[in-house]
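Scroll down for the structure; my scribbles are underneath it.
The values are calculated or read from the model by the stated rules, or taken from the named source; none is laboratory data. Every value quoted in this text rests on a predicted model; they were computed, and no experiment measured them. Counting neighbours? That spans all protein chains shown, and the Cβs are built from the backbone with ideal geometry, glycine included. The area values use the complete protein model at the heavy-atom level, side chains included, leaving out ligands, DNA and RNA. Shrake-Rupley method; radii C 1.70, N 1.55, O 1.52, S 1.80 Å.
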Amino acid sequence: MEGELYRRLPPGETGQPRLQPAAEARAFVSAFLKSSMPRRKAAAIQDFLTRKAVVLEHCPRKRTKPKRKKTKGFTAKQRREMRLFDIEPEQQRYAIFLPLHELWKQYIRDLCHGLKPDAQPQMVQGKLLKADLHGAIVTVTKSKCPSYVGITGIILQEFKHVFKIITKEDKLKVVPKLNNVFSLELDGFISYIYGSKFQLRASERSAKKFKLKGTIDL
C-alpha cells in the first residue's frame, strides 16, 4: 500500500514544467482580451494589464423581439353589413329570455350582497347604475315622446344611445335613452334610470362616477 502512495514519477515528468512560449502566451492573452472586451481600445486593455487586475466584461447579445401584429377588428360599417347585432325574427320571443332575467336577478342580489329590507337605497342605486342590465325588466315611465311611455320588457341589448327591449307581446322595441326615464323593480326596490344621463356603453359604466343627487331632467 505504501508503494502505491509514494510511487516515483516517470522520468519524463520530472523535468522543468512545460510552459507556453512568452510570445505565444502574449498573443493569446491579447486576442482573448479583445474578444472579451470589444468595447475597450487596445491602449486601454494594455493599461489594464500593466496596472490592475482585468475584469472581463459580459456583452449580452441584443435580442430583437418580434413585432406583434395588431388584430384589426370590424368597423361599425362592417358590423352593420354583417348584421352581427341583429336578432332573428324567430328568436324574438319573450319566453325565451325569461331564464336570462332570472340569472340577472341572481346577479344583482349577489352584487348588492342580498337585497335586504334594511339595505341603503343609495348603495343599491349606485350598484345598479354600474351593473350589466342585459336581462333586466324595465318600464318607460316618462318620455318626451308619449308613444314610448308604458313600454315594458327585458333588455336584450344595450348600446350607447338605445336599449333593445323585447315585450310580452313578442315585439322588439328600440327605445332611445335620450329624453326617457326608465324604472327598474327588484325585490321591492324601485330604481329610476334617467336616460339622458346614461348615454354610455355597458362596458364604460363600470368606471363612471355617477352623481346620485343633482338636477334631474329628461
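Summary table
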{"item": "Residue in the range 151-158 that is open to solvent by 50 Å² or more (accessible area, probe 1.4 Å), hydrophobic (A, V, I, L, M, F, W, C) and not in a helix (DSSP H, G or I) present", "result": "no"}
{"item": "Every residue from the range 91-127 that is under 19 Å from Ile137 (Cβ atoms), touching a residue at least 60 places away in the same chain (Cβ under 8 Å), open to solvent by less than 70 Å² (accessible area, probe 1.4 Å) and not in a helix (DSSP H, G or I)", "result": "Gln92, Leu115"}
{"item": "The range 182-208 residues that are free of Cβ contacts under 8 Å to residues at least 60 places away in the same chain and under 11 Å from Gln125 (Cα atoms), paired with ones that are of a type in the set (Gly, Ala, Ser) and open to solvent by less than 30 Å² (accessible area, probe 1.4 Å) (beta carbon under 7 Å, 6 or more apart)", "result": "Leu184/Ala136; Leu184/Ser191; Ile190/Ser183; Tyr192/Ser183"}
{"item": "Residue pairs meeting the criteria (Cβ under 9 Å; at least 6 apart or on separate chains; first more than 20 Å from Asp47 (Cα to Cα), in the range 12-33; second modelled with pLDDT under 70 and open to solvent by 90 Å² or more (accessible area, probe 1.4 Å))", "result": "Thr14/Arg8"}
{"item": "Selection within the range 70-87 - assigned to a loop (DSSP other than H, G, I, E, B) and either open to solvent by 90 Å² or more (accessible area, probe 1.4 Å) or hydrophobic (A, V, I, L, M, F, W, C) (or both)", "result": "Lys70, Thr71, Lys72, Phe74, Arg83, Leu84, Phe85, Ile87"}
{"item": "Residue match in the range 130-146 (condition: in a loop (DSSP other than H, G, I, E, B), small (Gly, Ala, Ser), open to solvent by less than 40 Å² (accessible area, probe 1.4 Å) and within 23 Å of Gln91 (Cα to Cα))", "result": "yes"}
{"item": "Test result for Gly214, at pLDDT below 90 and open to solvent by 20 Å² or more (accessible area, probe 1.4 Å)", "result": "yes"}
{"item": "Flag if Ile193 is under 22 Å from Arg109 (Cα atoms) and in contact with a Gly (Cβ under 8 Å, 6 or more places away or on another chain)", "result": "no"}
